[in-house]
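> Can you keep this structure in mind? I'll have questions shortly.
The values are calculated or read from the model by the stated rules, or taken from the named source; none is laboratory data. Computed from a predicted structure; not experimentally measured. Reconstructed Cβ throughout: ideal geometry from the backbone, glycine too, with neighbour counts over all protein chains shown.
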Amino acid sequence: MPTHYGSPVRVRGTTLVICMPLLPCSAHLGRRVLLVAGLLACALALVAAAPMTARANGIFVADCAFSHHAMNDPIVSHGKPGWSHPHDFYGNSSTDAFSTFGSLRRSPGNCTPAADRSAYWTPTLYRNGHAVKAVHVQAYYEDFFRYGRVLPFPSGLRMVAGGGMGMTAPRGTARWTCQTDHSLDGNLHIPSCPSSFVTLRVTFPDCWDGRRVDSPNHRAHMAYSRPDPRMMGELRCPASHPIVVPRLVLNVTYPMHNGKGVTLASGPVTTSHADFFNGWTPSVLRQRVNRDLNGGLACDDFLGCTPISAPKTDPVLARPRAKLDERFYPPQRTTMPGKGMGMGKMP
């Protein structure tokens, strides 16, 4: 059978796995492609199994690749080259300590679609002291079970999700799984995967305050949607962060079958995390959000789109300010260059 990837969402005991095909983005992984008809059948079966009160659903995918290693972090240590623990960067090849939205837009990335010139990065993974390069990187832009019309990320939005230097990832934000395991049973430790590679899955916050593209601890401007106790099967953004934006899930697959001898540049594997610096062409991101996420479609640039639900009819719950705070913040805590920067607490 063809291998699928998917992003699971659990609401009130129900798990929905959005099945998409494994695409030929890597010589190691892209040997089988699922036909569009198979994707349609999978999506229809999943939607049929969703809760009766589930909202409209949608997803689109950006397929990216490893770009470079560097001891930089343009969010946590902006303007301070060499102040970060080592990171692996995916997507935009120009990403460095001085990156801005403008510099990302001026430099081509390696993602498909090409309009995604965003920077994605994770702490470098080591096995027995040797850096291991990811062989497959996919960013899922999702909307499942959430109330409110989805708005695109603002240009230059910066987000951090998961743990950090010496900080264990909060539950549900970062998990290790076998590549073929799409349940919610992944955990903070790397499992044994005899027949597949290991994948790190990091889920970013999906609610925005509408006022700023970053915050002093790089987390407080974003929040996670929460179950609404009044409506079974529905997630809502908190009043403090009322703007519904895409739920971004970064999936990074490594060519290994277990966690023996594995550490991260940030510490043990329990400190796994990821960063995102939005570099999308604004008009293209807006079109994809409206067509796919609000339109009830599952879309991929290799296979096209297929409907998975009725279009969203929810209203726009809030709109961002006309003038956003776009400042970069200095490191909150000074460490010796190369030893890594501390991460702020979850809001």
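> Do we have S196 as farther than 30 Å from R286 by Cβ, of a type in the set (S, T, N, Q), assigned to a loop (DSSP other than H, G, I, E, B) and at pLDDT below 85 here?
So S196 fails the test.
> Criterion first (polar (S, T, N, Q) and modelled with pLDDT of 95 or more) does T203 satisfy it?
yes
> Within region 271-322, can you find the residues that are of a type in the set (G, A, S) and over 18 Å from I59 (Cα atoms)?
S272, A274, G279, A318, A322 - these are the residues of region 271-322 that are of a type in the set (G, A, S) and over 18 Å from I59 (Cα atoms).
> Scan region 299-331 for residues that are in contact with a helix residue (DSSP H, G or I) (Cβ under 7 Å, 6 or more places away or on another chain) and either surrounded by fewer than 16 Cβ atoms within 10 Å (Cβ to Cβ) or closer than 20 Å to G148 by Cβ (or both) and jot them down.
Result: G304, I308, S309.
> Still on this structure: Give the residue that is surrounded by the fewest Cβ atoms within 10 Å (Cβ to Cβ), with candidates limited to residues of region 110-165 that are in contact with a His (Cβ under 8 Å, 6 or more places away or on another chain) and among the small types (G, A, S).
A131
> Looking only at residues in region 63-109 that are under 25 Å from P216 (Cα atoms) and of a type in the set (F, W, Y), which one is surrounded by the fewest Cβ atoms within 10 Å (Cβ to Cβ)?
Result: F98.
> Has region 119-142 got any residue that is of a type in the set (S, T, N, Q), within 19 Å of the chain's Cα centre (by Cα) and within 13 Å of N278 (Cα to Cα)?
no
> Another question, then. Tell me which residues, restricted to region 275-296, are closer than 25 Å to L200 by Cα and in contact with a Ser or Thr (Cβ under 7 Å, 6 or more places away or on another chain).
Residues satisfying the conditions are F276, F277, N278, G279, W280.
> Same structure, new question: If you go through region 180-199 one residue at a time, how many are surrounded by 22 or more Cβ atoms within 10 Å (Cβ to Cβ) and either acidic (D, E) or more than 18 Å from Y141 (Cβ to Cβ) (or both)?
2
> For region 226-282, name all the residues that are surrounded by fewer than 22 Cβ atoms within 10 Å (Cβ to Cβ), in a loop (DSSP other than H, G, I, E, B) and small (G, A, S).
G233, A239, S240, G259, G261, A265
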